[in-house]
1. What is the dipole size for the stretch 2-188, taken about its Cα centre, with +1 at each Lys and Arg Cβ and -1 at each Asp and Glu Cβ, in debye to the nearest 20?
2. Below 8 Å, C-alpha to C-alpha, sequence gap of six or more: please give me the relative contact order for the stretch 1-97 in percent.
3. In a GNM of the chain with a 10 Å cut-off on Cα contacts, which of TYR42, TYR72, TYR146 has the highest mean-square fluctuation?
4. Provide the per-residue ³J(HN,Hα) series for the stretch 124-131, in order, calculated from phi with Karplus coefficients 6.51, -1.76, 1.60 and θ = phi - 60°, each as a whole number of Hz, with x at glycine and proline positions.
5. Taking the Cα centre of the stretch 2-188 as the origin and placing charges on Cβ (Lys, Arg +1; Asp, Glu -1), which of TYR80, GLN31, VAL98 is farthest toward the positive end of the dipole?
6. With axes computed from alpha carbons, what is the tilt in degrees of helix 102-120 against the longest principal axis of the chain, rounded to the nearest 10 within 0 to 90?
7. Just from its helices, what would the mean residue ellipticity at 222 nm be for the chain, if runs of 4 or more DSSP H residues each count -39500 (n - 2.57) and the sum is divided by every residue, rounded to the nearest 500 deg cm²/dmol?
8. Mean-square fluctuation check for the chain, GNM, Cα pairs under 10 Å: which of GLU75, GLU40, GLU25 is largest?
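Read the figures in this text as sums done on the coordinates, not as results from a lab. Everything numeric in this text was worked out from a predicted model, so none of it was measured. FYI the Cβ positions are ideal-geometry reconstructions off the backbone, even for glycines, and counts take in every protein chain you see.
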Amino acid sequence: MKIRAFIAFELKVEETIKNLSQFVEKLKQHQPKMKAVEPENYHLTVKFLGNIEETQAKKIYDLIENDINNVYFKEGEKQYRLKGSGQFNRYSTIWVKVRGDTQVLQKIKDSLEELLKRELGIQKDKRKEFKAHLTIGRLKSNKINYKNFGAFKGIIKEQKNLDFGEFIIDRLLLKKSDLTPKGPIYTTLTY
């Protein structure tokens, strides 16, 4: 059986989640058809796996636990900040930037890619540079309210240095994504 999966760091700091949610609501006032990421789904994707065999998930989980979490987080958690907003692809993806020692995140990404390729034959991402960001919303071009688009873009630009709060990273997680008409439901997989 196939499952849709990805590997990510989860945002669990309540104050930061609240700050992001308030910002998203402000954006939605100008673009009501923007698809906001649900606060319980805020995460930093390290690798999107797509559809994988369920039997492969346990092997991926074991690699993450033994070769990533036990190596990079044996000394404890790492602290980052979510600061500044921006957009990709003409406002189709709205994000906030992860600030801090992102070199460590790049090393984790590189180690993970190498492990998955060597141990399970999973292809590496084409883009090697890891752009540490947290997606907070998506806006399809056919759903843009052009009457309010200038104000929407203005809010994002005005907040390019806004500090949303801390993002504590203590482990990499294997997540399952079930797509529903109301949006995705993410489940952390453990074995």
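1. 1160 debye
2. Worked out over the stretch 1-97, it gives 33 percent.
3. TYR146
4. Once rounded to whole Hz, the list reads 6, 5, 5, 7, 7, 6, 8, 9.
5. GLN31
6. The angle comes out near 50 degrees.
7. Taking each H run of at least 4 residues, the total per residue is -9500 deg cm²/dmol.
8. Top of the fluctuation ranking is GLU75.
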